[in-house]
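Here is the structure we will look at, set down as structure tokens.
Just so it is clear, none of the values below were taken in a lab; they were calculated from the coordinates. Fair warning: this is a prediction, and the values are worked out from it, not measured in the lab. In this analysis, Cβ positions are derived from the backbone assuming ideal geometry, glycine residues included, and neighbour counts consider all displayed protein chains.
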Amino acid sequence: MKSAYERTNRSPLGACAITGTGFPIDRELTARLLGFSGPTGNTYGSIATADYLLESASATGVLLAGFGRFVQDLLLWSTAEFGYVRFGDGFVQTSSIMPQKRNPVAIEHARAIGSKALGQTQAIVTSIHNTPFGDIVDTEDDLQPMVFSMFRDATRAVSVVAAAMATAEFDAESLEARAGEGWTTLTELADTLVRDHQLPFRTAHAIAAHMVASRKNDSARPLATLVAEASAELTGRAIVYSEAALDRILSPRHFVNVRKTSGGPAPEETARAAGASRATLDADRAWWQSATGALTNAGRELTERSRAL
């Protein structure tokens, strides 16, 4: 959105209907007095192109698509079947017939409003794609109100979720327990076999798969025995781990802690990434304040110069 703003914040004033003017106007001055970064380039393009609408609408659409997926997960996590997240009382509504039920209506509203805004981004592009390249009503009177509506609804959707998230309580214990079910962390056993015994990953993968298949056939047999048997069958030598070691290797906490590569889930890496994101947010806020301040200053200068005429 910031990048789109830099290219949108150009003044078409002085392009006139298409060809500019023969009068000696100062487009740089009028652009500055109206708070623009500068004037647009070609005068024909200034009145014909709608890129200044399409780019910001496209950026908004990308944001809303990812936002909608996140909202969908929040709604799933808030169901009784999952119960991973609980929102504050101000963001839920009781059922009309079940007094104990906490419906996450704020998040549901945000999903609906976000979907509406996403639909508007597509309508904006659709309204333009088959119109003549010129100064026409299609890309002005009927289209620009939709752009304002898109921004308004997108902002509403994000703001509602942000407010609800400030009250969210996550059941970390349930999340961690669920992460250990269904052999979710089995990859780490294969990785450990590669690191500890220099096995090819394909072989380590096969040992882990054999262990799981055998465990399904006989749930009472220790994992250590199954690993030893699978490794002996596939490599000719039994690889021995204790039950305690295998419990640690397959634990979700260990799985997360050893993944320390850039962008990974290890606590120290996510802490670094969160810090970088906060710094980016602070920089964006500073830029936003500077941009809005520039508009305010331009309005003040315009008023003063107008009074002096």
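If you count, for each residue, the other Cβ atoms within 10 Å and average over each peptide, how do 69-81, 224-236, 268-280 line up from highest to lowest? Numbers along the way, then the final one.
Details: 69-81: 14.0, 224-236: 17.4, 268-280: 11.2.
The densest-packed peptide leads the list: 224-236, 69-81, 268-280.
What ranking, highest mean first, results for peptides 169-175, 104-110 when packing means the other Cβ atoms within 10 Å averaged over each residue? Let's see the in-between values first.
Numbers: 169-175: 11.4, 104-110: 19.9.
Going by the mean number of other Cβ atoms within 10 Å, highest first, we get 104-110, 169-175.
Using alpha-carbon pairs under 8 Å, 6+ residues apart, how would you state the relative contact order of the chain in percent?
15
Could you rank the peptides 198-204, 21-27 by their average count of other C-beta atoms within 10 Å per residue, with the highest value first?
So the peptides 198-204, 21-27, ranked by packing, come out 198-204, 21-27.
So between ALA163 and ALA294, what do we pick up on full extension, going 0.36 nm a residue minus the alpha carbon distance?
Stretched out fully, the ALA163 to ALA294 stretch lengthens by 44.3 nm.
Hey, got the dipole for segment 226-309? About the Cα centre, +1 on K and R Cβ, -1 on D and E Cβ, debye to the nearest 20?
The calculated dipole for segment 226-309 is roughly 460 debye.
Full-extension gain between ARG305 and ARG253, please, as 0.36 nm times their residue separation minus the C-alpha to C-alpha distance. Mind dumping the intermediate values first?
Working: separation 52, 0.36 × 52 = 18.72 nm, distance 6.51 nm.
Net length gain for the segment: 12.2 nm.
Find how much the distance from THR261 to ASP142 grows on full extension, using 0.36 nm per residue of separation minus their present alpha carbon separation; answer in nm with one decimal.
37.9 nm
Between segment 178-228 and segment 73-147, how far is it from one alpha carbon centroid to the other, in angstrom?
A separation of 44 Å, based on Cα centres.
If amide hydrogens are placed 1.01 Å from N in the peptide plane, which non-local residues have theirs closer than 5 Å to the one on THR94?
ASN103
Calculate, for ARG278 and SER3, the FRET efficiency according to 1/(1 + (r/R0)^6) with r their C-beta to C-beta distance and R0 25 Å; round to the nearest 0.05.
0.75
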